[in-house]
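Down below is the structure, laid out as structure tokens.
The values are calculated or read from the model by the stated rules, or taken from the named source; none is laboratory data. From a predicted model like this one, the values you see are computed outputs, not experimental measurements. Here the Cβ positions follow ideal geometry from the backbone for every residue, glycine too, while neighbour counts run over all protein chains shown. Each accessible area value is taken on the protein alone, full model and side chains, heavy atoms only, with ligands, DNA and RNA left out. Shrake-Rupley method; radii C 1.70, N 1.55, O 1.52, S 1.80 Å.
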Amino acid sequence: MTPDEFRRHGYATVDWIASYLERVESFPVLSAVMPGALRAALPAAPPEDGEPYEAILADVERLILPGITHWQSPNFFAYFSANASPPAMLAELVSAGLGVQGMLWATSPACTELETHVLDWLADALGLPEAFTSRGTGGGVIQDTASSATLCALLAARDRATDGAATERGLAAGLTAYASTQAHSSVEKAVGIAGLGRAHLRLIEVDDTFAMRPAALDDALRADRAAGRTPCFVAATIGTTSSTAMDPLPAIVEICRRHGVWLHVDAALAGNAAICPEFRQFQDGVAGADSYCVNPHKWLLTNFDCDAFYVADRGALLRALSILPEYLRNQATEAGAVIDYRDWQVPLGRRFRALKLWFVMRSYGLAGLRQHIRHHVELARRFADWVRADARFEIVAPVALNLVCFRLRGDDAPNERLLAALTDSGQAFLTHTRLAGRYVLRLAVGATYTTDRHVEAVWDRIRECATALQP
Ligand code: PLP
């Protein structure tokens, strides 16, 4: 492809994306294709001779689109959103155009320095402690996902708890980790990967708001110490996946300090709301944490993937992850004057993701981002009011931010049918969870283009389906 052809096809591709965004609301939100449908439509082997670009783009529309679940639909209320925005999409394009692999400062100084800078911007915008910025003892790094952030935090914690032995000589048995029963499954996965053994993750009981009980954490830590084990890692969640429950950070900080245990705060979704001062109280106490992560790719208009991971002591992370083979040696690294982000993550190579955050923060401004969050919180609260006013339904968890957990009163079965009817209609996509043993529907407001009329429409549809289900 010559530069001229690239220009022409590039414009056509941007036109296609713009047209997709204009049409996205008209598609059934959840893809209805059967397993294997796409593979059956694809040729068994790649073409021997290159095909015209027009044919490839046409097949995106013809073959790929039917197999897409439309995460960018304003009627997507499932899981937590993976929101996108035009500035972030264009930044992705620039990143691809530059084709940078930013493993070292020297392999593209701008890739590293922009990342350090925008993560400081973000830390300040979220009211995070000075220690988490490059001005302090720690700093931020972009990971692909919160799962990777949690794993890196655990690797640093493991290293610190064993004075480097776990990293250098292998893991002696006896390290334990702690998270609430409501913590994301990525904590358990990380504990397995890091070699602690999943059986050594203690799942701490929660209160009736689904938040960790600090006294139960304290008891578990004491019991492990008394049994000769070494507690090394606590993951507190600000905004759990099932219900956005908020673990009480000040009490957990005090306990972790007392036991000398690494505290990681997983604020994957809810941390984004801290950009609004009125939602910051959920992370009061965060200054006592060793690490923290938030996913702008969930709720801050930044395309997947973008997790901002902060540590209070960058030395602890570097001791666990840094390694310098001969072929990566260079003057800037040797001089110790630069950050090499390969030392802050599991893989060596890394994309130029900071462009996304930079484009987003400059395009919307902090005021625009706050307005975006506030609007979604307001929509969720309005939805919750409607649910409360309908005697057939109940709200089953506090509505802290943009997630409403609700159900038809009574048995699980009608709730399962209600969710299936909603999803099958194609008009909206919600998902479920289980809270206190009961099947619960989750409505998460977080898609970029969701507005008042979409939330009104989904509530109308929920009521219609509930009426149709009644015997
Ligand atoms: N932590 C929490 C609280 C989450 O809600 C999620 C996903 O929804 C994750 C971690 C995992 O996110 P990721 O896909 O970025 O690993």
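For the reader, a short list of remarks on this structure follows.
- Residue match in the range 227-241 (condition: farther than 23 Å from residue 437 by Cα and free of Cβ contacts under 8 Å to residues at least 12 places away in the same chain): yes
- Scanning the range 433-471 for residues being within 24 Å of the chain's Cα centre (by Cα) and either hydroxyl-bearing (Ser, Thr, Tyr) or farther than 18 Å from residue 414 by Cβ (or both) gives a total of 12.
- Counted as qualifying within the range 347-443 are no strands (runs of 3 or more DSSP E), as none has 3 or more residues that are hydroxyl-bearing (Ser, Thr, Tyr) and within 30 Å of residue 103 (Cα to Cα).
- From the list 33, 29, the one residue that fits, being of a type in the set (Val, Ile, Thr), over 30 Å from residue 245 (Cβ atoms), more than 16 Å from the ligand (Cβ to nearest atom) and in a loop (DSSP other than H, G, I, E, B), is 33.
- Of the residues making up the range 286-295, one or more are part of a strand (DSSP E or B), open to solvent by less than 20 Å² (accessible area, probe 1.4 Å), hydrophobic (A, V, I, L, M, F, W, C) and under 26 Å from residue 361 (Cβ atoms).
- Residues of the range 114-147 that are under 23 Å from residue 102 (Cα atoms), of a type in the set (Gly, Ala, Ser), open to solvent by 30 Å² or more (accessible area, probe 1.4 Å) and in a helix (DSSP H, G or I): 147 alone.
- Any hit, the range 417-437, residues being surrounded by 17 or more Cβ atoms within 10 Å (Cβ to Cβ), over 17 Å from residue 78 (Cβ atoms) and in contact (Cβ under 8 Å) with a residue 40 or more places away in the chain: no
- Every residue from the range 210-246 that is hydroxyl-bearing (Ser, Thr, Tyr), open to solvent by 20 Å² or more (accessible area, probe 1.4 Å) and within 22 Å of the chain's Cα centre (by Cα): 241, 242
- Sole exception among (1) in a helix (DSSP H, G or I); (2) within 13 Å of the ligand (Cβ to nearest atom) for residue 257, by number: (2)
- All conditions in (1) in contact with an Asp or Glu (Cβ under 8 Å, 6 or more places away or on another chain); (2) within 16 Å of the ligand (Cβ to nearest atom) hold for residue 290, with the sole exception of (2).
- Single residue of 167, 176 found to be among the hydroxyl-bearing types (Ser, Thr, Tyr), part of a helix (DSSP H, G or I) and open to solvent by less than 70 Å² (accessible area, probe 1.4 Å): 167
- Verdict on residue 279 being more than 15 Å from the ligand (Cβ to nearest atom), outside any loop (DSSP other than H, G, I, E, B) and either closer than 19 Å to residue 144 by Cα or within 19 Å of the chain's Cα centre (by Cα) (or both): yes
- Considering residues of the range 5-28 that are out of contact with any Asp or Glu (no Cβ under 8 Å at 6 or more places or on another chain) and small (Gly, Ala, Ser) only, the residue least open to solvent (accessible area, probe 1.4 Å): 10
- Subset of the range 179-189 that is within 10 Å of the ligand (Cβ to nearest atom) and assigned to a helix (DSSP H, G or I) - its residue that is most open to solvent (accessible area, probe 1.4 Å): 189
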